[in-house]
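J.: First the structure, which I've put down as structure tokens, then a few questions once you've had a look.
The values are calculated or read from the model by the stated rules, or taken from the named source; none is laboratory data. What you see is a predicted model; the values in this text were computed from it and never measured. Using ideal geometry, Cβ is built from the backbone for each residue, glycine included, and neighbour counts are taken over all protein chains shown. With ligands, DNA and RNA removed, areas are computed over all heavy atoms of the protein, side chains included. Shrake-Rupley method; radii C 1.70, N 1.55, O 1.52, S 1.80 Å.
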Amino acid sequence: MRVGYDDADVLSGVSLTVRPGEITCILGANGAGKSTLIRAILALTPPRSGRVLHDGEAITGWPTHRIVSRGIACIPEGRRVFPKMTVRENLLIGAYADAGANAETRLAGVFDTFPRLKERLDQLAGTMSGGEQAMLSIGRGLMAAPRLLIIDEPSLGLSPLFVKENFSVIRRINESGVTILLVEQNVKQTLAIAYHGYVLSQGKVVAAGDADALRDNAEVRAAYFGKN
């Protein structure tokens, strides 16, 4: 797949597979093309060449809302909650694409994962801590009842304690049957929960394999992971 902006390509010849029921990770430094890859999957930046397949069907060129309705949800980098809306309102937005959704049942599922959100239903999202907003962002994604959940940089800007908690939650979500594409720079935490992964550098896949192979690859560690 080739994806870019204006006259410049950001991704060139990128090919990857997210296996059902697993956590697949995308690793790479800032500027590697990770966010552009997510935008391509969601049709926010359509590929210049290549296809995006979901369950064997090409979804390239579909409008983003149709992709979301198919069961693909994204938790964006930086959380991006609606600060002047309450916790409840932020969560309900997550189910907007499914008119037949039982919102109360889905809310109960989110509260099982994040009891703290139930205590703050009427609180404005913008007044919450960064860790609480991270919970809210993940909860909003779960309200879509996704089959594939794309999570972009969940550790960004969080304390080590909240980072550990977030990765534990991601593992539990996967164990509940949700396929996850995890895009991260936190190599150690990511490879501890991922099944399989890819390393992006300058818009190309430079390494791929199961998590153990990537963790033990001395060249990859030295080139891309530093001391993580």
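J.: Among the residues of the stretch 162-185, which ones are more than 22 Å from Thr17 (Cβ to Cβ) and not hydroxyl-bearing (Ser, Thr, Tyr)?
T.: Result: Phe162, Val163, Lys164, Glu165, Asn166, Phe167, Val169, Arg172.
J.: Please go through the stretch 1-35 and pick out each residue that is free of Cβ contacts under 8 Å to residues at least 60 places away in the same chain and touching a Ser or Thr at 6+ places or on another chain (Cβ under 6 Å).
T.: Arg2, Val3 - these are the residues of the stretch 1-35 that are free of Cβ contacts under 8 Å to residues at least 60 places away in the same chain and touching a Ser or Thr at 6+ places or on another chain (Cβ under 6 Å).
J.: Right, here's the next one. Checking Leu121 against (1) on the phi < 0 side of the Ramachandran plot; (2) surrounded by 15 or more Cβ atoms within 10 Å (Cβ to Cβ), only one condition comes out false. Which one?
T.: (2)
J.: Right, something else. Hey, any hits in the stretch 50-72 for a residue that's under 24 Å from Phe114 (Cβ atoms) and open to solvent by 70 Å² or more (accessible area, probe 1.4 Å)? Lay out the reasoning, then the answer.
T.: We begin by selecting, within the stretch 50-72, every residue under 24 Å from Phe114 (Cβ atoms); these are 68, 71-72.
Remaining after also requiring open to solvent by 70 Å² or more (accessible area, probe 1.4 Å): none.
Checking the stretch 50-72: not a single residue is under 24 Å from Phe114 (Cβ atoms) and open to solvent by 70 Å² or more (accessible area, probe 1.4 Å).
J.: Only one of (1) polar (S, T, N, Q); (2) closer than 15 Å to Leu148 by Cα; (3) buried (at least 18 other Cβ atoms within 10 Å of the Cβ) fails for Thr45. Which number is that?
T.: Failing condition for Thr45: (2).
J.: If Glu57 satisfies all but one of (1) of a type in the set (Asp, Glu); (2) more than 19 Å from Gly197 (Cα to Cα); (3) under 14 Å from the mean Cα position of the chain (by Cα), what's the number of the condition it fails?
T.: Answer for Glu57: the failing condition is (3).
J.: On the given criteria, is Ala134 surrounded by 15 or more Cβ atoms within 10 Å (Cβ to Cβ), among the small types (Gly, Ala, Ser) and under 12 Å from Asn166 (Cβ atoms)?
T.: So Ala134 fits the description; yes.
J.: Taking the stretch 124-152 only, how many residues are farther than 12 Å from Val81 by Cα and charged (D, E, K, R)?
T.: Number satisfying all stated conditions: 2.
J.: Let me ask something additional. Taking the criterion of being under 30 Å from Gly209 (Cα atoms), hydrophobic (A, V, I, L, M, F, W, C), in contact with a Lys or Arg (Cβ under 6 Å, 6 or more places away or on another chain) and free of Cβ contacts under 8 Å to residues at least 12 places away in the same chain, would at least one residue in the stretch 49-63 satisfy it?
T.: So far as the stretch 49-63 goes, yes, one or more of its residues are under 30 Å from Gly209 (Cα atoms), hydrophobic (A, V, I, L, M, F, W, C), in contact with a Lys or Arg (Cβ under 6 Å, 6 or more places away or on another chain) and free of Cβ contacts under 8 Å to residues at least 12 places away in the same chain.
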